[in-house]
Amino acid sequence: MAKDVNQLIAQILNINNCSSADTAEFKKLKHNNDLVPKFKDNFEKLAKLINPYYNDCYDIQGVTDDGVDVLLKYMTETETHKIGFQIKSYDDINSKDWLKTLKAQMFEAQGIWKTDDLYIVFCTDAIEHKDKLRNAISELQKSSDCKIHIVEPEKALTFYKFN
């Protein structure tokens, strides 16, 4: 079951029906009001498709989110698994020291939440932030003990529009 939930999320987040130009839509969406609630709802829908009885999905973003905006917990016959989602908005990526902050959040997610997998979901303009995203992906892939999954803006927008 654990493999099924995680595989389904990975497969769905890998679908790309949007172009780089489409991701300019993220400029008008706000982290707390738009992105986190919609992603939480979509993750919860996916988890319930696989296992309607043994999962919980929480919107825990905030000052003390400890590196995770949305936490998905699900049980198998023998263990509880946790998948964390850190959502980075257009405004986040425009802030000073955003990558340093993201790297700190990644370590908090691993240390405090003990996530099995952590998804970094880039909800930004893929064209405008092309170089920033390249740098971030490079940095994040070489500095992690848990499984880090990068969701590029085109794929994030496709999932955001999922009903």
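The values are calculated or read from the model by the stated rules, or taken from the named source; none is laboratory data. Every value quoted in this text rests on a predicted model; they were computed, and no experiment measured them. Cβ: placed from backbone, ideal geometry, glycine included. Neighbour counts: every protein chain shown. Remember, those area values only see protein heavy atoms, side chains included, never the ligands or the DNA or RNA. Shrake-Rupley method; radii C 1.70, N 1.55, O 1.52, S 1.80 Å.
Within the chain, what whole-number % of the accessible surface is contributed by carbon and sulfur, with the 1.4 Å probe and all protein chains included in the calculation? Each step should come with its number before you reach the end.
On the way: 3930 of 8260 Å².
Here it works out to 48 percent.
Per residue, the convex hull around the alpha carbon atoms of the range 74-128 comes to 77 Å³. Using C-alpha pairs below 8 Å separated by at least 6 residues, the relative contact order for the range 93-163 is 39 percent.
One chain, two ends: LYS96 and LYS27. Fully extended at 0.36 nm per residue, the span grows by 23.1 nm beyond their Cα-Cα distance. Distance between the pseudo-spin-label points of ASN14 and LYS48 (7 Å out from Cα toward the beta carbon): 2.6 nm. Between THR76 and SER138, the simple label model (points 7 Å from Cα in the Cβ direction) yields a spacing of 3.6 nm.
Average accessible surface for the chain: 51 Å² per residue, computed with a 1.4 Å probe over protein heavy atoms with every protein chain in place.
Taking the Cα centre of the chain as origin and assigning +1 to Lys and Arg Cβ atoms and -1 to Asp and Glu Cβ atoms, the resulting dipole is close to 200 debye. What base-10 log of the normalised intensity I(q)/I(0) is obtained for the chain from the Debye formula, alpha carbons as equal point scatterers, at q = 0.09, 0.12, 0.14 Å⁻¹? Log10 of I(q)/I(0), two decimals: -0.26, -0.47, -0.65.
Considering only CYS123, ALA21, PHE85, the residue lying farthest towards the positive end of the dipole of the chain is ALA21, judged by Cα position with unit charges set on Cβ. Relative contact order, whole percent, for the chain stands at 30, derived from Cα pairs under 8 Å and 6 or more residues apart. Values of log10 I(q)/I(0) for the range 21-109 across q = 0.25 Å⁻¹ run -1.25, by the Debye formula with one identical scatterer at each alpha carbon and no solvent. Cross-link partners of LYS48 among aspartates and glutamates, defined as those whose alpha carbon lies under 20 angstrom from its own and excluding same-chain residues fewer than eight positions apart: ASP4, ASP56, ASP59, ASP69, GLU77, GLU79, ASP116, ASP117.
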